[in-house]
Amino acid sequence: MGEFQGERLDHRSCEALEVVLKSLHFDFINLQAAQLEENGASSLLDMILYYESTTYLDISDNGSMGTSSWRALAHLIKQSVRLSRLDASNVSLVDYPVQSLSKALLTSQLRVLHLNNARLSGTSLFTLVRALKTNRALLELHLSNNQLNSYQDAMQLGDLLRYNNTLQMLELSNNTLADAGLDELCDGLSRQTKGLKVLILKNNQITERGMNHLAKTLPGLKVLEVLDLGENHLGNEGIQVIREPLMANSSVLHLGLAQTNITCEGAVALAEFLAESRLIQRLDLQQNRVKLGGLMALSLALRINCSLAHLDVDPVPLQELLSDEDISVTGTLGQDQLESWTQPINLWSCHGHDALAAASCYLCHLSSGAGARSTAWGVGSLIKADARPPSLWSGHWSSSLSREPPEFHSLSPVAPPGESQGLLRPAEKHSPSSVSWVFLWVSSGWDMPGIPHHGGIQEDEFLRETQKRLQAEITQRCNVNASRLQRELQGEPFER
């Protein structure tokens, strides 16, 4: 590697490098922030071309390059048979620089091009895209931090996807494409019969409304394998919109949803997707407020899913596990009342589809008649979710099974004293995304506020152990899937 990052390379220094370039070939020449002067830069670039000195050239952070330097770079890009990767980030590509670069890309052999933070919005992007529409060599294009907007810029990017079927990766992080821009991209994606496999849209001001555009496109995608929507304001509503389209998709292997304002309700919706998917290999949920209910749903889904090898989810601080937003724990019932209508059932003993079937028995709306008083059904935490039509037991679920999910009516507790026996109880079948989730894998003797201690697990210890156990099971299941996938690639048999 030729490492000159941060070194000041004037004309004399560049001329002195000829001896090195003549005798050695490099995989990477790093000229980042080398303060390249006009004459020195053009001479150095000519030498790199003449001696075919490198396959990867980084000239980022060199804002003083003039016309002759860009002319020499364009000549290098067009003529070199070794250069396959170029990084020209943090350089202003306006007027002549973008024109010379675009003209060179018409016939270049570059495979990877980084143009991050290069002021490519507007006319500059139009010039670049016009050349790339007919380029059949470039495989990766990185355009983050270019202030790309949701109107003209998004239209140009949509056209790029409509006409270019060789580009395999498009990185657009930290722009302002928004929901309208995603619509343009989705239209271009729908035309892709081969080509784009990786689309990164982190931090683009996309909201749950944009998920409606994506939902229309996902079922028809045949090529896209990696989709990163991290750092956008999707929320649980956005996840609900794309849940079923994700189930219908037959290409996405990696899904990035880090820092997208997902809570337990969104995690439960994703668990339904995981239970149906036979393809997904990685799911990133970092920097979201996924608490015990969401972890439990994901853990149960992994007892069915055989493909997910990586699930990234952050541990939740103990003080947040029982926040008012997601969890309601009540101690209004006495110990005798609690035990009279609670059943200490061990979910950890359930496996496969039976686990989700058992979990469905623990999903219920808790309410009383006149007083609208919520009570805890047994021990645990209740995720407050908006009511939606049941889906877990709908046709798309039962069609994937060789038999109907087992009934668990016998596990239904009787209603608490004073409540009508006609209220909705856990025996009913529900979708995890439409109802409250209740934990019931510990004895009903767990300590609750207002209930005298009778040797049960202390609250903090219980929550800490619960989270630890869920995360351990998730890790174990992912490791099993990763081993299975690896052995399949090697052609070896593997039993789950």
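Computed from the coordinates by the stated procedures, all read-outs in this text should not be read as laboratory data. Remember, predicted model here, so these are calculated numbers, not experimental data. Neighbour counts run over all protein chains shown; Cβ positions are idealised from the backbone, glycine included.
Brief remarks on what is shown
- Pairs over the 28 Å Cα-Cα cut-off, from the set K222/K468; K103/K202; K103/K197; K78/K133; K78/K197: K222/K468; K103/K202.
- In region 246-317, inverting the average of 1/r over every pair of distinct C-alpha atoms gives 12.0 Å as the Kirkwood radius.
- Working from label points 7 Å from Cα in the Cα-to-Cβ sense, the Y51 to V480 distance is 5.8 nm.
- Separation in nanometres of the label points that stand 7 Å from Cα toward Cβ, at H233 and T123: 3.4
- Computed from phi, the 3J(HN,Hα) profile of region 175-180 under the Karplus parametrisation 6.51, -1.76, 1.60 (θ = phi - 60°) reads 10, 10, 5, 6, 5, 5 Hz, with x in place of Gly and Pro.
- Computed 3J(HN,Hα) for region 276-287, one whole-Hz value per residue from the Karplus formula 6.51 cos²θ - 1.76 cosθ + 1.60 where θ = phi - 60°, is 8, 6, 10, 10, 4, 10, 9, 9, 9, 10, 5, 6, glycine and proline marked x.
- Inter-label distance, T193 to Q147: 4.0 nm, where each label sits 7 Å from its Cα along the C-beta direction.
- The charge dipole of region 181-229, taken about its Cα centre with unit charges on the Cβ atoms of Lys, Arg (+1), Asp and Glu (-1) only, comes to about 200 debye.
- Taking the charge dipole of region 33-189 about its Cα centre, with +1 at Lys and Arg Cβ atoms and -1 at Asp and Glu Cβ atoms, the residue from N62, A34, S108 reaching farthest to the positive side is S108.
- Pairwise FRET efficiency - S68 versus A137, Cβ, R0 = 30 Å, nearest 0.05: 0.70
- The alpha carbons of region 120-248 occupy a box of 39, 28, 18 Å along the principal axes, longest dimension given first.
- Student exercise, region 4-134 dipole from Lys, Arg, Asp, Glu Cβ charges, in Debye to nearest 20: 600
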